[in-house]
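Below you'll find the structure, written out as structure tokens, and then a few comments.
The values are calculated or read from the model by the stated rules, or taken from the named source; none is laboratory data. Every value quoted in this text rests on a predicted model; they were computed, and no experiment measured them. Note that each Cβ is placed from the backbone with ideal geometry, even for glycine, and that neighbours are counted across all protein chains shown.
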Amino acid sequence: MKLTAAPARLSTVSATFEAEFKARLHWSADTDAAIEQRVADILADVQQRGDAAVLEYTARFDGLDVAGMGELELTQAELKAAFDTIPAAQRSALEAAARRVRSYHEAQKKASGESWSYRDEDGTLLGQKVTPLDRVGIYVPGGKAAYPSSVLMNAIPAHVAGVGEIIMVVPTPKGEKNALVLAAAYVAGVTRAFTIGGAQAVAALAYGTQTVPKVDKITGPGNAYVASAKKRVFGTVGIDMIAGPSEILVLADGSTPADWVAMDLFSQAEHDELAQSILLCPDAAYIDEVQAAIDRLLPEMPRAEIIAKSLTGRGALIHTRSMEEACEISNRIAPEHLEVSSRDPHKWEPLLKHAGAIFLGAYTSESLGDYCAGPNHVLPTSGTARFSSPLGVYDFQKRSSLIEVSEAGAQVLGKIAAELAYGEGLQAHARAAEMRLK
């Protein structure tokens, strides 16, 4: 039986478009109640028993039965050895990607991450002090797939921000360590690394154990157990975001080879069956070409079955009245990845307000952003790009306000503050300000 992928064919001129469009976009982020309860139990157990609980869950879930936590910590020598043993081409690619990611985040730090202050006319100093977090934890998925790119994208901006310690956790089911992930940790400057995963790894980072140090913030993607655990420990530590299924939206004018666009849609669909790939285009004939390319190229793909399920279940090829309307719909979707596959992408970019990352022009495949373009690939999903941003240097910094009121300034500000404080019924506030008045 021939494998096929049939993304929904929608048209904005159809009377049923709105209902069909909303149905295709719908995805529930609600976690299964059984998972929530299991995660709550694991977190509480690790918080109470520390290393002993982590060892038990690692043996149970990863099949890794060891005598002590020391066997689950990766030494810097092991990370260096992994780097030295991977093929030269992988070493070169890893270092090149790391250079570009570091360069981008260094520019980001200069643009928005510096302390500043000024003095007003009466000599009062006002400003902002930017300082890095002391210690962060990065979660790197393991098991079915290995993601060295996630190591770079989480560790490098933390390093650029000036974070003192970067603690990496990565599950290694049956003890199988991925050399490329370990090499990426070496290149990115990870301080300590542990071969633990799941909710127990999140708990260890959030609460600290006898061996795993407590961190200030946890970043990085994971499965439903990891996502649930991150939600539950938020407040004890900071987190980056709760990631949903991967998404790509291609906004095309019909000028890009259809095969390129079809493969770009595949690039997200191959993640998992819930990933979403959408094409917006005002040219109906071109949409037919893309569908033909999907049918022709799908059998060649090693993950064809996953791609087919993703495109059929959540994909869409949407015929719009115009490119302007396509931009409007894109803003409603607020996709994780947005490709503007057009002859003149800069014509449309000003109309696009909401997206995790915007890829301009036919030669800018989303996959380049995933690995080596430079900007971060940890992006808001499920429409949260309406109010969220990509992971960046700013996620690993905090800001403190600086206030130094001069004697002259206290005479002006004290009267204002006292008046407002009396109005709120806070007498001590008012008196504290008035005591500085001459």
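Tell me whether the range 253-270 contains one or more residues that are outside the structural domain of Q47 (by TED's automatic domain parsing), over 21 Å from M153 (Cα atoms) and part of a strand (DSSP E or B).
The answer is no, given that none of the residues of the range 253-270 is outside the structural domain of Q47 (by TED's automatic domain parsing), over 21 Å from M153 (Cα atoms) and part of a strand (DSSP E or B).
Using the structure shown, decide if S382 is out of contact with any Leu (no Cβ under 6 Å at 6 or more places or on another chain) and at pLDDT 95 or above. Break it down stepwise before answering.
Values: out of contact with any Leu (no Cβ under 6 Å at 6 or more places or on another chain): yes; at pLDDT 95 or above: no.
No: the conditions fail for S382.
Does P257 qualify as being out of contact with any Ser or Thr (no Cβ under 8 Å at 6 or more places or on another chain), surrounded by fewer than 19 Cβ atoms within 10 Å (Cβ to Cβ) and over 16 Å from A206 (Cβ atoms)? Talk me through it step by step, then tell me what you get.
Details: out of contact with any Ser or Thr (no Cβ under 8 Å at 6 or more places or on another chain): yes; surrounded by fewer than 19 Cβ atoms within 10 Å (Cβ to Cβ): yes; over 16 Å from A206 (Cβ atoms): yes.
When the stated conditions are applied, P257 passes them.
Filter the strands (runs of 3 or more DSSP E) completely within the range 287-370 down to those with at least 1 residues that are among the hydrophobic types (A, V, I, L, M, F, W, C) and surrounded by fewer than 24 Cβ atoms within 10 Å (Cβ to Cβ). Steps first, please.
Numbers: elements: 316-319, 337-341, 357-360.
In the range 287-370, 316-319, 357-360 are the strands (runs of 3 or more DSSP E) which contain 1 or more residues that are among the hydrophobic types (A, V, I, L, M, F, W, C) and surrounded by fewer than 24 Cβ atoms within 10 Å (Cβ to Cβ).
In this structure, does L205 turn out to be in contact (Cβ under 8 Å) with a residue 12 or more places away in the chain and within 19 Å of Y371 (Cα to Cα)?
Values: in contact (Cβ under 8 Å) with a residue 12 or more places away in the chain: yes; within 19 Å of Y371 (Cα to Cα): no.
No; evaluated as a whole, the condition is false for this residue.
Is it the case that R232 is closer than 30 Å to W27 by Cα and among the charged types (D, E, K, R)?
Numbers: closer than 30 Å to W27 by Cα: yes; among the charged types (D, E, K, R): yes.
Yes, satisfied.
Which one of these does S389 not meet: (1) crowded, with 19+ Cβ neighbours inside 10 Å; (2) in a loop (DSSP other than H, G, I, E, B)?
With respect to (1) crowded, with 19+ Cβ neighbours inside 10 Å; (2) in a loop (DSSP other than H, G, I, E, B), S389 is out only on (1).
Would you mind stating whether A275 is more than 22 Å from E339 (Cα to Cα), buried (at least 24 other Cβ atoms within 10 Å of the Cβ) and under 23 Å from the mean Cα position of the chain (by Cα)? Spell out the reasoning first.
Numbers: more than 22 Å from E339 (Cα to Cα): no; buried (at least 24 other Cβ atoms within 10 Å of the Cβ): yes; under 23 Å from the mean Cα position of the chain (by Cα): yes.
Taking the combined requirement at face value, the residue does not satisfy it.
What residue, of Q427, Q397, Q411, is buried (at least 17 other Cβ atoms within 10 Å of the Cβ) and more than 19 Å from L279 (Cα to Cα)?
Working: Q427 fails: buried (at least 17 other Cβ atoms within 10 Å of the Cβ); Q411 fails: buried (at least 17 other Cβ atoms within 10 Å of the Cβ).
From the options Q427, Q397, Q411, the qualifying one is Q397.
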